[in-house]
Amino acid sequence: MSRRREVDNIAERERLAALAGEASAQAAVASASATPEADGSLAAPTDLTAAAFFDVDNTMMMGASIFHFARGLAARKYFSTSDLAGFAWQQVKFRIGGREDPASVRASREQALSFVAGRSVPEIVSLGEEIYDELMADRIWSGTRSLAQMHLDAGQRVWLVTATPVELAQIIARRLGLTGALGTVAESVDGIYTGKLVGDLLHGRAKAHAVRALAAEEGLDLRRCTAYSDSANDVPMLSVVGTAVAVNPDSGLRETARKRGWEIRDFRTGRKAARIGVPSVLGAGALAGAVAAGLAYRRRERI
């Protein structure tokens, strides 16, 4: 019976990952269509079957983008800094010594964007613009940005692929002059967030589904595409393209890259690499954890 339950859980996680990937690809295509190259901000691609896909956290940006976003929200009293600190500590303990329980992980992911429930999409996008300028713009890796520019100069499209909310991911992509972004899609009705996710976080296998779905929509030949990431969690995404590059890799990805003959790029100094490790752990679960902080803040307001 337990074996059957395990199989069912795996099948359900795969279904949600596929749903998340498809939703992200649809959002990416819709966003790109709404901002045509005619405005002069982005040259029209000339190599129509090749593209590059970049992870964000610790690949394109130092630290975790959603953690920076949560800091910005805390500064604006969406929830308290003590809530944020408490969440961060819980995430450290979990990620260092814990195991994922499918039921609890599923519950946290269902809540992953509930702190914006009832708020409008334009409001959150406007906040994202402000917080990017305050906390993220100076954290872009110049080396990784140059790699992205290399693909743009070759006439290829360049997409970010991240578990960060798609609206924030699209802001980062736009500010960097990239084509667009694949990110976690939060459900909205009539421009108001419901607090639920469409499928699941865009993480792990969901990223691979998103890249495949976008390639089908855009007519890309994945054998001619390149993907970049720092994390072993992104091996599924790195494995679906013709060229995989490990950027600032964690130990798991470094080992995989060496075994598979993937290129490794590291833009960190020794001291900086050590400092970046902890924010990465703190931020990795922030999408789910910021929710808990937001809910706690709202509960206190109601008391």
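Annotations
- Among the candidates 230, 221, residue that is under 17 Å from the mean Cα position of the chain (by Cα) and of a type outside the set (S, T, N, Q): 230
- Matching residues, the range 144-167, being touching a strand residue (DSSP E or B) at 6+ places or on another chain (Cβ under 7 Å) and either in a loop (DSSP other than H, G, I, E, B) or not β-branched (Val, Ile, Thr) (or both): 147, 148, 151, 152, 156, 157, 159, 160, 163, 165
- Every residue from the range 55-73 that is in contact with a Ser or Thr (Cβ under 7 Å, 6 or more places away or on another chain) and closer than 30 Å to residue 217 by Cβ: 55, 56, 57, 58, 59, 60, 64, 65, 66
- Inclusion of residue 202 among residues that are of a type in the set (A, V, I, L, M), within 13 Å of the chain's Cα centre (by Cα) and either more than 19 Å from residue 245 (Cβ to Cβ) or part of a loop (DSSP other than H, G, I, E, B) (or both) is warranted.
- Criterion violated by residue 228 - all others in (1) in a helix (DSSP H, G or I); (2) of a type in the set (Ser, Thr, Tyr); (3) at pLDDT 95 or above satisfied: (1)
- Filter pass, residue 50 being at pLDDT 90 or above, crowded, with 20+ Cβ neighbours inside 10 Å, within 19 Å of residue 213 (Cα to Cα) and over 18 Å from the mean Cα position of the chain (by Cα): yes
- Taking the range 176-199 as the range and being acidic (Asp, Glu) and touching a Ser or Thr at 6+ places or on another chain (Cβ under 8 Å) as the test, only 187 passes.
- Just one residue in the set 187, 217 is acidic (Asp, Glu) and touching a helix residue (DSSP H, G or I) at 6+ places or on another chain (Cβ under 7 Å); that residue is 217.
- Of the candidates 181, 154, the single residue that is of a type outside the set (D, E, K, R), under 16 Å from residue 26 (Cα atoms) and either modelled with pLDDT of 95 or more or surrounded by fewer than 23 Cβ atoms within 10 Å (Cβ to Cβ) (or both) is 181.
- Residue among 82, 24, 41 that alone is more than 23 Å from residue 227 (Cα to Cα) and either at pLDDT 90 or above or not in a helix (DSSP H, G or I) (or both): 41
- Among the candidates 230, 221, 234, the residue that is in contact (Cβ under 8 Å) with a residue 60 or more places away in the chain and surrounded by fewer than 18 Cβ atoms within 10 Å (Cβ to Cβ) is uniquely 221.
The values are calculated or read from the model by the stated rules, or taken from the named source; none is laboratory data. This structure is a prediction, so every number in the text was calculated from the model and none was measured. All Cβ positions, even for glycine, are placed from backbone atoms using ideal geometry, and neighbour counts span all protein chains on display.
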